[in-house]
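In what follows, a structure is listed as structure tokens, so that the remarks can point back to it.
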Amino acid sequence: MQVFVAQLINGLSLGSIYVLLVTGFNLLLLVAMIIHFSYPQVVVFSMYIIWVVLQLTGNNLFLGIAAGVVSSICLNLLSAPLFQKVMRKRGEVDINSTMVLSLGIGMIITDVLSHTFNKGLPVAFPDQLASVTPLLRVGLISVQVGQVWSLGVGFVAVSAIFLILYRTRPGRAFRAIAEDPNGARLVGIPILRTGLASYALSGVLGGVTAVLLAMVLGSASPGLGEQVAHKVLAVSIIAGLGNLAGGLVVGLALGVLEAIVQGYISGTWSNAIAFVILLIVILARPRGLFGSKL
Amino acid sequence: MPSDAREALLSVDHLSVSYGHVNAVKDVSLEVFPGEIVVLIGANGAGKTTLLESVLGINAPRSGSIVFAGRQIGGVAADHNVRAGLCLVPEGRGVFASMNVLDNLLLGAHNNMRNVQSSLRRVFEWFPILQKRRKQIARTLSGGERQMLAIGRALMSAPRLIMVDEPSLGLAPIVVNDILAILKKLNSEGYTILLSEQNANKALKCAHRGYVLETGSVALSGSAERLLTDPGVREAYLGA
């Protein structure tokens, strides 16, 4: 029972990070109309920026976190013209070519990370950010500071996204483009400019996620982005591409599932099990558990 | 009867639009004067939708010019034109089915949020049913209600010219009469309307002037009365 509770806490905190990532991925998919497969790699790049700034400033947490968020927004906005160029050249939105571009961006990031920072070795975040002393310990159950933050911030950030989508003018335009891009154009919604806002918004989400990942994992490696990217894509497909509420449920569920597998079987099986579930869902419900919104 | 002394609100001059190698609109010239209802008559594929969407700024013209309210707008993006007072009620209504009535209306005001509350009040005066259903998802509305929602959404943008693409499409004849009556009433309150229709008889009866489009070009134009009695029009579009 104690193992179960401990792994449930681990799973939910990891799951809320998946939820943030899949929400950013889905926003880009729905509003910017791109498959940004490598979005998690951009997030891991921001983790490295946090690490560098912490090194340079003698572990100034405020500057480190700010640099992480700002770099994530900038990287997203910088990639926007590339994606929009690919889309405009084809005349129509060609979502497949955006996936190839995203894949390229991911490879470049992985290569840059493995050649430039810390000789390609994993980087460890200082205790100020990734504290290992638990807040609370009862038997086998221990709660880390990072876990509390990732659950809390995850909840606040996802609520904020839903508020923006359902209560604001840009959010309304986001939903209109997501439902019917041509119809949105006919009512006079500027597609490219509104798309750009979604790059910025998923940049904010990515920056927040980079900070939380640093807190929860305590380290980052060049290959981390790719590992996470596969899972985020899987979560999005299992839930139904573009389904934000579905991503919320499936993201948390995957986190918990992985933690339970880790607690009772072995951590090395968690990936395989996640993708076996993906295969079953694709065969049984090709549009995902909650239905695709594309 | 409009005279050339008055300045046209919209004037399309020798406009051609093509998709790849297909010339959808060929050398079309037309004018809409303030206070008019002008109808574009034509069969399916005659180029009505392409023409209206080109005026809105969706397709760039291959040649020719579009002048709206004294400004060249050929090649100007749709969101700019909507801000300048153009709007389109799309073919098949184009309401956002998964969003509620209020959100659909507010989307119409996306480029003009300043007087949103008073615009909403006015739309609800025109269409009390929309106020009653404002929290309802658009998918659950009837065809006629959706058409009202699409027209109401157009009014939210504070338009100077309302373009309505085939409003009768897929509606019961009695509902078509209601919609055309609403357009006529909007016109009598000062809105200028450019309407496209296959249903030539009903449309001409509420319009001032008309243009007949055939395979992308203007085949005939004139006052509504003249077109209604024109033997060619009667044979091709009025089933006489």
Of the residues B:Ala84, B:Ala172, B:Ala138, which exhibits the maximal mean-square fluctuation in a Gaussian network model of chain B defined by a 10 Å Cα contact cut-off?
B:Ala172
Work out the charge dipole of the protein assembly as shown with +1 on the Cβ of Lys and Arg and -1 on the Cβ of Asp and Glu about the Cα centre, then indicate which of B:Ala158, B:Ala84, A:Phe45 is farthest towards its positive end.
B:Ala158
Let me make sure I get this right: for the protein assembly as shown, a, b and c are the square roots of the gyration tensor eigenvalues over alpha carbons, sorted descending. Under 1.5 in a/c it's rounded, otherwise prolate if a/b > b/c, else oblate. Which is it?
prolate
Net charge of Cβ neighbours under 15 Å - reference A:Leu27; Lys, Arg +1; Asp, Glu -1:
+2
With a point put 7 Å past each Cα toward its Cβ, work out how far A:Tyr264 is from B:Phe124 in nm, to one decimal.
5.5
Short version: what are the Cα gyration tensor semi-axes of the range A:15-224, square root of 5 times each eigenvalue, largest first, in whole Å?
33, 21, 13
When Lys and Arg each count +1 and Asp and Glu each count -1, what net charge do the other residues less than 11 Å away from B:Asp27, Cβ to Cβ, add up to?
+1
Please find, in a Gaussian network model of chain A (springs between Cα atoms separated by less than 10 Å), the residue of A:Val256, A:Val86, A:Val187 whose mean-square fluctuation is greatest.
A:Val187
Once you have the Kirkwood Rh of the range B:1-103 from its Cα pairs, apply Stokes-Einstein at 20 °C and 1.002 mPa s and quote D in µm²/s.
145
Pairing the Cα long axis of helix B:173-188 with the longest principal axis of chain B, what angle in degrees results, from 0 to 90 and rounded to the nearest 10?
90
So for chain B, what are the equivalent ellipsoid semi-axes in whole Å, largest first, each being the square root of 5 times an eigenvalue of the Cα gyration tensor?
27, 21, 17
Of B:Lys132/B:Lys202; A:Lys231/A:Lys293; B:Lys132/B:Lys185; A:Lys85/A:Lys231, which pairs sit farther than 25 Å apart, going by alpha carbon to alpha carbon?
B:Lys132/B:Lys202; A:Lys85/A:Lys231
The protein assembly as shown: calculated mean residue ellipticity at 222 nm from DSSP helix runs of at least 4, using -39500 (n - 2.57)
-18500 deg cm²/dmol
Net charge within 15 Å of B:Ile179 by Cβ-Cβ distance, Lys/Arg positive one each and Asp/Glu negative one each, not counting B:Ile179 itself?
+1
Find how many whole Å separate the alpha carbon centroid of the range A:148-168 from the alpha carbon centroid of the range A:224-247.
18
In chain A, which whole DSSP H runs stretch at least 18 Å along their own axis (Cα) and average 1.6 or higher on the Kyte-Doolittle scale?
A:39-56, A:145-167, A:191-217, A:244-264, A:270-284
Size of electric dipole in the range A:15-224: Cβ of Lys, Arg +1 and of Asp, Glu -1, about Cα centre, debye, nearest 20:
460
Which GluC sites (Glu not before Pro) from the range B:163-240 combine a DSSP loop assignment with at most 14 other Cβ atoms within 10 Å?
B:Glu189
Place a label point 7 angstrom from the Cα of A:Lys119 along the Cα-to-Cβ direction, then list the residues of the range A:17-55 whose backbone nitrogen is under 17 Å away.
none
Can you say what percent of the DSSP beta bridges in the protein assembly as shown, counting only those with both residues inside, are antiparallel? Round to 5.
60
Pop the C-beta distance of B:Glu214 and A:Leu78 into the FRET formula with R0 = 35 Å and round what comes out to the nearest 0.05.
0.10
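Any read-out appearing in this document is the output of simple, stated calculations on the displayed coordinates, not a laboratory observation. The model shown is predicted, which means the values in this text are computed figures rather than measured ones. As a convention, Cβ positions derive from the backbone with ideal geometry for all residues, glycine included, and neighbour counts pool all protein chains shown.
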